[in-house]
Amino acid sequence: MKPHAALMNVDILHEIFAHLALLPSRHETWLQLPESEKGNRTVLLSAALSCKTLSSPALDALWWKIDDICHLLHVLPAFHLSGQDYVLDGHITEQDWKRFDSYAKRVRYLVFHDFCTIHSSVFLRLAQLKKFSPLIPNVQAISSRPGGSGLLSVLSTSLLDLDIRPDNSDGICPTVWPCLEALPDTSPNLRTLLVQATLSPTSLKAFPRMSNIQCLYLLNARIHDLDFFYSLSKLEHLKLLVISGFEEPTATITTLKVTDAWTAQPFPALRKLVITSDAPSVFSVLFEIFQHHPLQLLDLHPQSLRIDHTLVASNLSTEWSQVIRDISSKFCSLKDLTIVGSTNGTQAPLFTVFEPLLGMHEFELIDLDFPCLPFSNADLQQVASAWPKLIKLRLTGSQGPLNATLEALMAFAVGCPKLQDLSLGFDASYTPSMGDVSIFSDELKTLDVQNSPIHSALSVARYLDRMFPNLETIHANDCNSTWSEVGVLIEMFRAVRMDQKARDAGVMERARLA
């Protein structure tokens, strides 16, 4: 019987088998796919063995992703287990290479491990036999847990996404450094790179040469040379930069010289910047390269959560004041700001430290996390008036007094009509008069009250329900039972309103029919 015409169309077959293999869509990268999505390999294998028409497209999907390099190396008869390690021992014929290449060219995503059972000589011999040409020529994404030098053998010019996370607990893996140094030449089209390892000074020099990189994640990098940040500023396509591990140099930080070489817009495509460092002064030094930049997301975190009691609180407040001033003057288009402050907990940053941010009116998400934020009702009134586009606001202070009261929420109901998620500490021991609540916000769905004290669940629930009639969820630290009761009451109020609306609609419908 002649097969259906659709089954003779290779494009249709590729699409069918791509769904079976759970391949990423055009809008996803391989690094976004969960490890559990391995597809139905049994079905693909059966399809590949069923007939000649289905064989090639089914094999393409079957070999598209391999989670162990050994699956491919086993195609070579000379690759076998000797003792506890796999070795490459014996003659490899031209037919062996032809079969190996027929599968290797189909691989697009490789999960690479070489630290367990593969002898270090295997990849060296493969490179020599292949005359140092790419072992997997069309690979587009590699998720790697390297322990040896084998990663160099699987790099290719087609590589777009690379994830390197050594299993070493201390993050030190010298075998990674030669790979990073080779990347600009072996994989010039690389666009996403994640490295979770301590970096050597030589390997740091490779990153500015990755001319097509768009997303760069350097985690636990332990970078002492702040000039490295400046060296990245000429990467024209870099959109997202995450650097975890900027450490304060042993010498006193003063300034980095911005020479004539930096007259062009630094980081011209950068829209998201995430930096961690335990020294706030590092942030100010790094920001010197910017003038007026269209950055949209900025995330500043401490490298650790330790409390250093040798630091002087007033000095930290001064350092954060400088950071905030730099942000307000250099990133006027900022929409998303997260700052997790590291202080010694003896003195809270004053509201004046954050006042420069009130001149920025494009914020949609704000997350300020300091040990103590003693904002008053008047302070929060200024916040709500300055940021009318807010969708999510989180002001976290786990220590110290609460100067704001329940009345402070009214400012957000009035000034932030788009606000959906609010996290704020306030004193709810006293409930204002219900007659004062004449304006409400339909958008707020989630309220995190943190450690807010509360006296009467019923009066607070009525007040919140009047102000935020669509409130769905209330979170509180330490599972406060009174706040849990507030959540139950608000859910009850909402159900009663829905029932009343249904009854009113029924009455109107009966009146219309009459």
| Condition met for residue 458 (of a type in the set (A, V, I, L, M), out of contact with any Phe, Trp or Tyr (no Cβ under 9 Å at 6 or more places or on another chain) and within 20 Å of residue 491 (Cα to Cα)) | yes
| Boolean, residue 200 is in contact (Cβ under 8 Å) with a residue 12 or more places away in the chain and either within 30 Å of residue 59 (Cα to Cα) or more than 21 Å from the chain's Cα centre (by Cα) (or both) | yes
| Under the condition of being touching a Leu at 6+ places or on another chain (Cβ under 9 Å) and in a helix (DSSP H, G or I), which residue from the range 61-91 is surrounded by the most Cβ atoms within 10 Å (Cβ to Cβ)? | 61
| note | Flagged in the range 426-449 as among the small types (Gly, Ala, Ser) and either in a loop (DSSP other than H, G, I, E, B) or within 34 Å of the chain's Cα centre (by Cα) (or both), in numbering order, are 429, 433, 438, 441
| Could you say whether any residue in the range 475-497 is of a type outside the set (Gly, Ala, Ser) and under 27 Å from residue 335 (Cα atoms)? | yes
| request: Name, by its number, the condition in (1) under 25 Å from residue 321 (Cβ atoms); (2) under 33 Å from the mean Cα position of the chain (by Cα); (3) among the aliphatic types (A, V, I, L, M) that does not hold for residue 409. | output: (1)
| message | So residue 487 ticks every box in (1) crowded, with 16+ Cβ neighbours inside 10 Å; (2) in contact with a helix residue (DSSP H, G or I) (Cβ under 7 Å, 6 or more places away or on another chain) but one. Which box is left unticked? | response | (2)
| What do you reckon, is residue 419 free of Cβ contacts under 8 Å to residues at least 40 places away in the same chain and in contact with a strand residue (DSSP E or B) (Cβ under 8 Å, 6 or more places away or on another chain)? | yes
| query | Restricting attention to the range 261-297, which residues are charged (D, E, K, R) and more than 21 Å from the chain's Cα centre (by Cα)? | reply | 288
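So which residues in the range 42-55 are open to solvent by 40 Å² or more (accessible area, probe 1.4 Å) and free of Cβ contacts under 8 Å to residues at least 24 places away in the same chain, if there are any at all?
Residues satisfying the conditions are 42, 43, 45, 46, 49, 50, 51, 52.
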| Does residue 464 satisfy being surrounded by fewer than 19 Cβ atoms within 10 Å (Cβ to Cβ), part of a helix (DSSP H, G or I) and touching a Leu at 6+ places or on another chain (Cβ under 8 Å)? | no
| said: With open to solvent by less than 70 Å² (accessible area, probe 1.4 Å), without any contact (Cβ under 8 Å) to a residue 12 or more places away in the chain and more than 21 Å from residue 402 (Cα to Cα) as the only criterion, which of 505, 514 stands out? | reply: 505
| field | Complete set of residues in the range 426-442 that are surrounded by fewer than 15 Cβ atoms within 10 Å (Cβ to Cβ) and either of a type in the set (A, V, I, L, M, F, W, C) or touching a Leu at 6+ places or on another chain (Cβ under 9 Å) (or both) | value | 429, 430, 432, 434, 439
| message | So if I check each of 452, 423, which one is open to solvent by less than 40 Å² (accessible area, probe 1.4 Å), assigned to a loop (DSSP other than H, G, I, E, B) and among the small types (Gly, Ala, Ser)? | response | 452
| field | residue 192 being at pLDDT 95 or above and among the polar types (S, T, N, Q) | value | yes
| said: Can you tell me how many residues within the range 375-406 are crowded, with 18+ Cβ neighbours inside 10 Å, not in a helix (DSSP H, G or I) and not β-branched (Val, Ile, Thr)? | reply: 10
| task | Just need a number here: residues in the range 155-178 that are of a type in the set (A, V, I, L, M, F, W, C) and at pLDDT 90 or above. | result | 5
| note | In the range 460-502, anything free of Cβ contacts under 8 Å to residues at least 40 places away in the same chain and either of a type in the set (Val, Ile, Thr) or touching a Lys or Arg at 6+ places or on another chain (Cβ under 6 Å) (or both) is listed as 472, 473, 474, 482, 486, 488, 490, 496
| task | Residues that are small (Gly, Ala, Ser) and buried (at least 16 other Cβ atoms within 10 Å of the Cβ): find the strands (runs of 3 or more DSSP E) completely inside the range 141-235 holding 1 or more of those. | result | 141-145
| request: Quickly run through the range 92-132 and pick out the residues that are open to solvent by 50 Å² or more (accessible area, probe 1.4 Å), without any contact (Cβ under 8 Å) to a residue 40 or more places away in the chain, not in a helix (DSSP H, G or I) and not hydrophobic (A, V, I, L, M, F, W, C). | output: 93, 105, 119, 131
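The values are calculated or read from the model by the stated rules, or taken from the named source; none is laboratory data. In this text the structure is predicted, and so the values were computed from the model without any measurement. No Cβ is skipped: glycine too gets one built from the backbone with ideal geometry, and neighbour counts run over all protein chains shown. Heads up: the accessible areas ignore ligands, DNA and RNA and are worked out on the full protein's heavy atoms, side chains in. Shrake-Rupley method; radii C 1.70, N 1.55, O 1.52, S 1.80 Å.
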